[in-house]
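Have a look at the structure below before the remarks.
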Amino acid sequence: MQYHAANTDSLMFITPRPDIVFERGEGSWLYDHAGRQYLDFIQGWAVNCLGHCPPEIAAALTAQASRLINPSPAFYNGPMVELAGLLTDNSVFDRVFFANTGAEANEGAIKLARKWGRLHKEGAYEIITFGHSFHGRTLATMSASGKAGWDTIYAPQVAGFPKATYNDIATVDALIGPKTVAVMLEPVQGEGGVIPADVEFLKALRELTTARGVLLIVDEVQSGMGRTGKLFAYEHAGITPDIMTLGKGIGGGVPLAALLAREAICCFEPGDQGGTYNGNPLMTAVGVAVMQRLLAPGFLAEVEARGQYLAKRLLELSAKHGLKGERGSGLLRALILDDERGPAIVQAALKLEGVGLLLNSPRPNLLRFMPALNVSAGEIDQMIELLDGLLQK
Ligand SMILES: *Cc1c(COP(=O)(O)O)cnc(C)c1O
């Protein structure tokens with residue numbers, strides 16, 4: 001098939017895209033219109049948790065597509081009920097509201113916390129979030145995010161999101177006041193540069209929020225669904241948050257997200273919350289297939305082991321090239337460079353001779369790795385070998 005540059009002019013410009021069109025994917029591999037092959041360590045931004053086009057997702061979609069696609073969110077459907085049960089059975093939460101994107105799930109979390117504040121905390125509505133955090137691209141979630149510059153692009157912002165410093169409990173303590181209803185954070189800051197919250201910080205945060213009577217919300221859109229080697233990242237700290245949001249991996253590549261809460265927090269009344277596609281069986285059937293795979297005996301232990309292997313190989317590269325080490329959790333990791341050449345390496349990796357490599361540089365001084373959770377050790381080795389060549393100055 002021929003693709004002409006002019007064809008792409010019909011798309012609204014939002015980001016510079018390389019001059020290739022992807023046509024096919026399988027596991028850790030993508031193929032473009034010219035048949036060129038790419039090793040994918042982005043996976044749709046940590047979305048394709050089982051790789052490209054996994055058979056269980058193709059089967060779930062095919063079977064569900066000819067059975068029932070969308071009876072309306074005002075009715076129960078089988079996969080919606082089954083997935084909600086799988087999520088509550090395997091977490092500390094009691095109830096689930098399905099959404100389509102991470103940002104939408106976070107909007108739901110913000111609404112739920114504000115409603116709870118109106119009912120139980122004299123109208124408290126402020127949600128403390130963190131510098132460098134990322135919670136999505138709707139107006140409220142951009143306001144909640146701590147990305148530099150995001151306070152002015154679409155000003156005025158949605159009010160009520162004071163920013164504390166990540167991994168610094170005193171800065172949270174200082175911000176809690178009569179208007180505070182919740183604290184919201186990513187257990188691992190993904191877009192911020194793969195920065196895990198310290199276990200001690202998460203524990204202290206739970207203690208502080210409980211003592212002050214405010215909610216704790218974990219945004220696990222990126223860190224959840226097995227990404228860190230546990231089903232949910234909050235488990236590493238052994239804490240019980242009040243609200244959690246999921247996205248990305250839960251759909252294995254299709255638009256699916258979820259808002260989970262403990263029973264005592266669930267205070268939506270009819271009319272408060274909803275959405276045309278929410279909980280549709282086509283997407284939730286995929287969520288069931290993803291959950292079943294993650295819960296299969298040994299799967300998460302394998303993610304943990306692969307994460308350790310990736311960390312070890314990245315550390316070796318770092319030592320060899322005099323870089324600044326690596327960090328992360330499970331299969332969400334970053335290699336810390338000694339300069340700001342991340343974006344240049346990403347470009348060069350795409351254009352490598354022979355096999356291309358898909359990498360991401362959320363900050364210019366680091367490279368992020370978010371492969372499929374079932375990536376093989378051999379694929380990690382292949383990525384390291386390609387990256388080794390790219391790092392030669
Ligand atoms: C990606 C991401 C979001 C936004 O998810 P979308 O599906 O793009 O709306 C929110 N929070 C975190 C932590 C994310 O990584």
| field | Angle in degrees between helix 281-295 and the longest Cα principal axis of the chain, rounded to the nearest 10 | value | 80
| request: Output ³J(HN,Hα) for the range 352-366: one whole-Hz value per residue in order, computed from phi by the Karplus curve 6.51 cos²θ - 1.76 cosθ + 1.60 with θ = phi - 60°, and x for Gly and Pro. | output: 3, 5, x, 8, x, 9, 9, 10, 9, 10, x, 9, x, 9, 8
| remark: Listed with the fewest Cβ neighbours within 10 Å leading, ASP151, ASP338, ASP89 appear as ASP89, ASP338, ASP151
| remark: To the nearest 0.05, the calculated FRET efficiency linking ILE153 and VAL199 through their beta-carbon distance, R0 being 35 Å, is 0.50
| said: So if each residue of separation counts as 0.36 nm, and I subtract the Cα-Cα distance between GLN273 and ASN70, what length gain in nm does that give? | reply: 71.3 nm
| field | Angle in degrees between helix 55-65 and the longest Cα principal axis of the chain, rounded to the nearest 10 | value | 60
| said: What are the ³J(HN,Hα) couplings of the range 203-215, residue after residue, when phi is run through the Karplus curve with 6.51, -1.76, 1.60 and θ = phi - 60°? Round to Hz, x for glycine and proline. | reply: 5, 5, 5, 5, 5, 5, 5, 5, 4, 8, x, 10, 7
| Relative contact order (percent, whole number), the range 55-294, Cα cutoff 8 Å, 6+ residue spacing | 31
| So for VAL218, VAL158, fewest C-beta neighbours within 10 Å to most, what's the order? | VAL158, VAL218
| Helix 377-391: angle to the longest alpha-carbon principal axis of the chain, degrees 0 to 90, nearest 10? | 70
| Entries in LYS179/LYS324; LYS163/LYS351; LYS163/LYS203 that, when Cα-Cα distance is taken, lie over 31 Å | LYS179/LYS324; LYS163/LYS351
| request: Express as a percent, rounded to the nearest 5, the fraction of DSSP beta bridges in the chain (both residues included) that run antiparallel. | output: 65
| query | Between GLU326 and residues 5 or more places away or on another chain, which pairs have amide H atoms under 5 Å apart, with H built 1.01 Å from N, and which residues are they? | reply | ILE336
| Per-peptide average of other Cβ atoms within 10 Å, ordering 356-369, 159-172 highest first | 356-369, 159-172
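Every read-out reported here was derived from the displayed coordinates using simple, explicitly stated rules and does not represent laboratory data. For clarity, every value in this text was computed on a predicted model and none was experimentally measured. Positions of Cβ are backbone-derived with ideal geometry, glycine not excepted, and every protein chain shown enters the neighbour counts.
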